[in-house]
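Peer 1: Got a structure here, written out as structure tokens. Questions coming.
The values are calculated or read from the model by the stated rules, or taken from the named source; none is laboratory data. For clarity, every value in this text was computed on a predicted model and none was experimentally measured. Note that we place each Cβ from the backbone using ideal geometry, even for glycine, and neighbour counts take in every protein chain shown.
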Amino acid sequence: MLGRMNPLGGMTPFDGDHPLDQPVATMAARVRDKDDALTAVELVQASLMRMQMLDPGLGAFLCTTDELALAQAEAVDAKVAAGEDPGPLAGVPLAVKDNLAVPGAPLTCGSKILAGYTPPTWATSVERAVSAGACIVGKTNLDEFAMGSSTENSAFAPSRNPHDLDRVPGGSSGGSAAAVAAGMVPLALGSDTGGSIRQPASLCGIVGLKPTYGRVSRNGLVAFASSLDQVGPMARSADDARLLLAAIEGVDSHDATTQTFASVAADPSASLAGLRYGVVQEFALADVPGGEDAEAAVAGVRAVLDEAGATGVELSLPLVDASIPIYYIVAPAEASSNLARFDGVRYGHRTDGAQDLESLYAKTRDEGFGEEVKRRILIGTFALSAGYADAYYKKAMAARTRLREQFDAAFERCDLIVSATTPTAAFKIGEKSGDPLAMYLCDILTVAANLAGIPAISIPCGRDRAGLPLGLQLWGPPGSEGRLLDAAEQMASATGLGYEAPRASGGDA
Ligand code: GLN
């Protein structure tokens, strides 16, 4: 029934003139401008009001942090009044995926095992966004411990896609994607281990960027697979995403894998003319059931690129075909180790039914973890076990190195790679939840970037025949986020494709 109505309950919050619906740079500049009447408190209140109106139907948020947001907004307004610079994100409401630590707010990771846990410190990425003036309005829903592609693995409730409430927003950062797509916040933080920023961005018709491994600190991000995890921005445009990325990136003494990469600032001389874009044979969707619409959308963009003077370069990266098997050895192996810390002693839930230490661990974990998390722990433990580590884990790691080399070679021949983000648009809630393999295949076009440690961005790319958003993905060599964002902006203006506010689904107005 809901899917037949305007997915946002008959109301359209977007009137174009509303400060919350303007580019992030504009709203922050207005807050910083002493003579402009717009305050950070007003922006935050507008965001909280929309959350109150829209979120009951969407389930994007696990909790709101009204008091924190208003206190942060007041601090921004006080700085403006005192003539100090409150930062490039002054007063901008920000949603934070609930696997990132915000002191004073519950940290659940979408799991029952963390019930009652509140972290004492900030995740570095979130703290940096706040230092740049952002105001945290709430924590968003996710697949338990970021394992999933639909947000249906949340222990609490699935989130819904603002473009069609019967469909998933994607995952695991589905709550963040839905929050941005519905206009509740202009910016959100997600995490991407195998596609969890880009896939939900694609399914919700927004922009999502997975940075180069090491650009953004993982301190305070609850670890899923440490060699793959990256925190990144979700937004309505590439320029909005750029502002958030610029705020959160950089070396952090709490994460030894962080490095300094080339600036993400816009390059005014960047142009589509002369751009060499790679088209990878193994990303073709012609033979994938239901992949025709995404394939056609990519072809449409390629035609615009060619018209603008870019050149397509045909490439083959044979190991891309092995990226799902490699990922589903490496990621569960690391997860099985990372999740060992949830034992009923240190954090959150502790069983009532323990007889001894052994049963305390076993019962707590049995009660606290959901089915998919248990499945990953079992796969990972198996892949790392004495008799099998050589056959599975070591082989997967060797193949991962080769895959990275294939990308390195590809970027000798092109500036960036163009592909779809997902084979199909958003699927129905329940459609794949009983079939883990079908769910794993949602990431067939995203996991390779994590395995290779390279950046990739998903941008809106029109709609499928049912009117649901599709995404286009741009991949670049390590440190090339600035170039990817420039290309994303230029492609959006050349194609006219970009974020669109959710409208009626199911054929009605
Ligand atoms: N969907 C993938 C998985 O289930 C990726 C998740 C992610 O990027 N966090 O592991």
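Peer 1: Is there any pair with a first residue in the stretch 434-447 that is closer than 14 Å to Ile329 by Cα and hydroxyl-bearing (Ser, Thr, Tyr) and a second that is in a helix (DSSP H, G or I) and more than 7 Å from the ligand (Cβ to nearest atom) whose Cβ atoms are under 7 Å apart and which are 6 or more apart or on different chains, and what are they?
Peer 2: Pairs found: Tyr440/Ile324; Tyr440/Tyr328.
Peer 1: If you check every pair at least six apart or on different chains, which have Cβ atoms under 7 Å apart with a residue in the stretch 22-36 that is among the small types (Gly, Ala, Ser) first and a residue that is modelled with pLDDT of 95 or more second?
Peer 2: What qualifies is Ala25/Asp239; Ala25/Leu243; Ala28/Pro88; Ala28/Leu89; Ala28/Ala90; Ala28/Gly91; Ala28/Val92; Ala28/Gly133.
Peer 1: Ok, one more. Can you confirm whether the stretch 407-422 contains a residue that is touching a helix residue (DSSP H, G or I) at 6+ places or on another chain (Cβ under 8 Å), at pLDDT 95 or above and closer than 13 Å to Ser149 by Cα?
Peer 2: Within the stretch 407-422 (the criterion being touching a helix residue (DSSP H, G or I) at 6+ places or on another chain (Cβ under 8 Å), at pLDDT 95 or above and closer than 13 Å to Ser149 by Cα), the answer is yes, since at least one residue qualifies.
Peer 1: State yes or no: is Ala386 without any contact (Cβ under 8 Å) to a residue 12 or more places away in the chain, within 16 Å of the ligand (Cβ to nearest atom) and over 23 Å from Arg242 (Cα atoms)?
Peer 2: Criteria not met by Ala386.
Peer 1: Next up: In the stretch 152-168, which residue that is within 13 Å of the ligand (Cβ to nearest atom) and touching a helix residue (DSSP H, G or I) at 6+ places or on another chain (Cβ under 8 Å) is nearest to Ala115 (Cα to Cα)?
Peer 2: Ser154
Peer 1: Okay, moving on. Might you check whether a residue that is of a type outside the set (Phe, Trp, Tyr) and either within 12 Å of the ligand (Cβ to nearest atom) or assigned to a strand (DSSP E or B) (or both) occurs anywhere in the stretch 236-248?
Peer 2: No; the residues of the stretch 236-248 include none that is of a type outside the set (Phe, Trp, Tyr) and either within 12 Å of the ligand (Cβ to nearest atom) or assigned to a strand (DSSP E or B) (or both).
Peer 1: Evaluate the following for Arg404: is it surrounded by fewer than 15 Cβ atoms within 10 Å (Cβ to Cβ) and at pLDDT 95 or above?
Peer 2: On the way: surrounded by fewer than 15 Cβ atoms within 10 Å (Cβ to Cβ): no; at pLDDT 95 or above: yes.
The answer is no for Arg404.
Peer 1: OK, next. Within the stretch 185-216, how many residues are more than 9 Å from the ligand (Cβ to nearest atom) and of a type outside the set (Lys, Arg)?
Peer 2: Selection size over the stretch 185-216: 20.
Peer 1: Looking at Glu358, Glu371, which is the one that is within 16 Å of the ligand (Cβ to nearest atom), exposed (fewer than 15 other Cβ atoms within 10 Å of the Cβ) and among the acidic types (Asp, Glu)?
Peer 2: None of the other options fit; the residue is Glu371.
Peer 1: Another one. Under the condition of being of a type outside the set (Val, Ile, Thr), in contact with a Phe, Trp or Tyr (Cβ under 8 Å, 6 or more places away or on another chain) and away from the ligand (no atom under 13 Å from the Cβ), which residue from the stretch 128-151 is farthest from Ala75 (Cα to Cα)?
Peer 2: In this case the residue turns out to be Asn141.
Peer 1: Taking the condition of being within 8 Å of the ligand (Cβ to nearest atom) and among the polar types (S, T, N, Q), how many residues in the stretch 217-234 meet it?
Peer 2: Final tally of qualifying residues: 0.
Peer 1: From the list Pro423, Pro455, which residue is within 15 Å of the ligand (Cβ to nearest atom), within 15 Å of Glu295 (Cα to Cα) and out of contact with any His (no Cβ under 8 Å at 6 or more places or on another chain)? Don't jump to the end; show me each part of the working.
Peer 2: Values: Pro455 fails: within 15 Å of Glu295 (Cα to Cα).
Result: Pro423 is the single residue among Pro423, Pro455 that is within 15 Å of the ligand (Cβ to nearest atom), within 15 Å of Glu295 (Cα to Cα) and out of contact with any His (no Cβ under 8 Å at 6 or more places or on another chain).
Peer 1: When Ala438 is evaluated against the numbered criteria (1) surrounded by 24 or more Cβ atoms within 10 Å (Cβ to Cβ); (2) in contact with a Lys or Arg (Cβ under 6 Å, 6 or more places away or on another chain), which criterion, by number, is the only one it fails?
Peer 2: (1) is the only condition that Ala438 fails.
Peer 1: Also, quick follow-up: Out of the helices (runs of 4 or more DSSP H) lying entirely within the stretch 117-218, which hold 1 or more residues that are over 21 Å from Leu20 (Cα atoms)?
Peer 2: In the stretch 117-218, the matching helices (runs of 4 or more DSSP H) lie at 124-131, 198-204.
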